[in-house]
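Nothing in this text is a laboratory measurement; each read-out follows from the coordinates by a stated rule. All values derive from a computational prediction rather than experimental measurement. Virtual Cβ from ideal backbone geometry, glycine too; neighbours counted across all protein chains shown.
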């Protein structure tokens, strides 16, 4: 039984490595998650970092949402 569990864990790790290695191509027109987050977080109204407040507020809400369940 433990051989099956270890094998599945290794297979999953190899799958994640392959996806991380081959998934992002330089010629891709679809922005990465980091590019989107950076774009949203850079938004400001005057000197107020509205984008950062929105992203941090979303993660705060999501955390409390799952904590309450």
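Structural remarks
- Residue 62 versus residue 17: modelled label distance in nm, points set 7 Å from Cα along the beta carbon direction: 2.8 nm
- Cβ-based exposure ranking for 2, 32, in which fewest neighbours within 10 Å come first: 2, 32
- Options (1) -0.72; (2) -0.82; (3) -0.40 - which one matches log10 I(q)/I(0) by the Debye sum over Cα atoms at q = 0.15 Å⁻¹ as calculated here: (2)
- Taking each residue as 0.36 nm, the span from residue 26 to residue 8 lengthens on full extension beyond its C-alpha to C-alpha distance by 3.4 nm.
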